[in-house]
1. So, for the chain, what is the accessible surface per residue at a probe of 1.4 Å, expressed in square angstrom?
2. Add +1 for every Lys or Arg and -1 for every Asp or Glu among the other residues with Cβ under 12 Å from the Cβ of ARG109, and state the total.
3. Want the number for ALA83 to TRP14: 0.36 nm per residue separation, take away the alpha-carbon distance, what's left?
4. Each label point is 7 Å from the Cα along the Cα-to-Cβ direction; what then is the distance between the points at ALA38 and THR69, in nm?
5. Below 20 Å, Cα to Cα, which aspartates and glutamates can LYS131 reach? Residues fewer than 8 away in the same chain don't count.
6. Rg to Rh ratio, the range 92-132, alpha-carbon atoms and Kirkwood radius?
7. With a 1.4 Å probe and all protein chains kept in place, how do SER41, SER9 rank by accessible area, largest first?
8. Here are some values of semi-axes √(5λ) of the Cα gyration tensor in Å: (i) 25, 15, 12; (ii) 40, 21, 15; (iii) 42, 33, 12. Which one was computed from this structure?
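The values are calculated or read from the model by the stated rules, or taken from the named source; none is laboratory data. Only a predicted model underlies this, so the values are computations on that prediction, with no experimental measurement involved. Glycine gets a Cβ as well: all are built from the backbone with ideal geometry, and neighbour counts include every protein chain shown. To get the accessible areas, we keep the full protein, side chains included, count just its heavy atoms, and leave off ligands, DNA and RNA. Shrake-Rupley method; radii C 1.70, N 1.55, O 1.52, S 1.80 Å.
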Amino acid sequence: MSDVAQAPSRAWAWLGLKLVETGEGTSTVEMTPTEDMANHSGVVHGGMISALADSAMGRSLRTLTPGITRALSFDLKLNFINAAKIGETLRATGHVIHAGRRTIVTECRIEGKDGRLVATASATFAVTREKE
């Protein structure tokens, strides 16, 4: 799949996000945070985790049929469970839980090393679909 090999946007490239896997209504995205992504306590800044989760959820809805031509998250909620360490690969798996004609609701689980839960997230996206 060409999406796995190249970043879908400049923001993905800048953050070092990598699309690992997709399926119908699901996607997995990884990121290995750098020192530049640390907060004042030396762990991964919550905004970086938020961007990872939003990207995984946004990518999950791009797997739907009919296709999505435009998607904008307008509601995003995160629950931080454990701190993420700089240099540890974070894996976010997003799932579509409701796919309407104009809005899509998603959820996400962000894990660190050995499946340790770092955060959970949910988001609602306003979408424009391809014509059927």
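1. Numbers: 7430 Å² over 132 residues.
It amounts to 56 Å² per residue over the chain.
2. Working: positive: ARG91, ARG116; negative: GLU107, GLU111.
It works out to a net charge of 0.
3. On the way: separation 69, 0.36 × 69 = 24.84 nm, distance 2.19 nm.
Here the segment from ALA83 to TRP14 would lengthen by 22.7 nm.
4. Inter-label distance under the simple model: 4.6 nm.
5. Hits, sequence-local ones excluded: GLU24.
6. Details: Rg = 13.2 Å, Rh = 11.5 Å.
We get a ratio of 1.15 for the range 92-132.
7. Values: SER41 85, SER9 50 Å².
These residues rank, largest area first, as SER41, SER9.
8. (i)
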